[in-house]
Amino acid sequence: MTLAIDGPAGSGKSTVARRLAEKLNCLYLDSGAMYRTVTLHSIRTGVDWANVPELIRLVKSCKINFAENGKIALLDGEDVSDAIRTPEINSVVSDVSKIPELRQEIVKQQRRIGADISIVAEGRDVTTVVFPNADYKFFLTASVEARARRRFAELQAKGIDATLNGIQEEICDRDTKDCSREHSPLRTAEDAIVVNTTDMTIDQVVDFVLGRIRGL
Ligand code: DC
């Protein structure tokens with residue numbers, strides 16, 4: 001079974017997808033974490049992502065995978081789960097992830113991961129490009145204010161310094177870039193069920209998705 005969930009930053013898709021994967025006993029595939037890890041790796045190694053051949057060489061020469069059913073992102077065996085979620089990575093990941101050659105490579109890896117097993121995948125193009133034949137498709141959305149508040153709370157809990165206004169600006173900037181890029185922009189698949197999570201708790205969203213899957 002393939003369950004695919006797309007949506008903008010802060011729509012709740014990561015938490016919801018993780019919980020669904022646990023409940024359905026599937027692999028959780030965090031596609032955004034892969035773009036984030038490439039971004040981190042290019043910053044650390046000083047590879048200019050405008051130099052596409054160099055970037056692709058870098059991606060092919062490293063191993064990006066997951067542990068603990070997708071909760072931990074590994075870069076050549078190192079746990080980078082926190083390092084890929086800093087404001088610095090947030091501010092440039094959309095610029096890196098819009099590169100078509102990079103997307104091609106990452107999509108190939110994502111399809112390989114989902115080839116023979118049941119998965120819950122989430123991202124910006126998993127319902128439209130990566131798994132267009134997914135058994136179930138959902139598009140999660142929420143007001144920009146609600147999404148910023150969620151991200152702010154997440155960062156505060158981790159002790160990362162940020163302001164609500166700054167986060168809202170960064171989310172708007174990322175929305176614009178993710179939706180307007182030429183290749184695989186964020187869009188709602190025609191056959192996706194749209195869920196506005198602005199006034200919903202995570203549990204309510206999870207129950208709603210499970211209900212739709214079970215035909216309730
Ligand atoms: O879901 P996220 O916030 O961790 O994603 C980080 C960035 O990665 C997002 O701003 C755009 C990019 N991304 C993408 O282009 N395609 C995906 N399937 C997932 C994420």
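What follows draws every value from the coordinates through simple rules; no lab data is involved. Everything numeric here is computed off the predicted structure, so don't read it as measured data. Note that each Cβ is placed from the backbone with ideal geometry, even for glycine, and that neighbours are counted across all protein chains shown.
Entry remark, region 57-103: residues being among the basic types (K, R), away from the ligand (no atom under 11 Å from the Cβ) and assigned to a loop (DSSP other than H, G, I, E, B) number 2 in total. In the set (1) surrounded by fewer than 20 Cβ atoms within 10 Å (Cβ to Cβ); (2) outside any helix (DSSP H, G or I), the condition left unmet by E54 is number (2). A search for C-beta distances below 6 Å between a residue of region 139-161 that is of a type in the set (V, I, T) and any residue that is in a helix (DSSP H, G or I) and exposed (fewer than 14 other Cβ atoms within 10 Å of the Cβ), counting only pairs 6+ apart in sequence or on different chains, returns nothing. For region 104-141, the set of residues classified as assigned to a helix (DSSP H, G or I), surrounded by 23 or more Cβ atoms within 10 Å (Cβ to Cβ) and among the aliphatic types (A, V, I, L, M) consists of V126, V130, listed by residue number.
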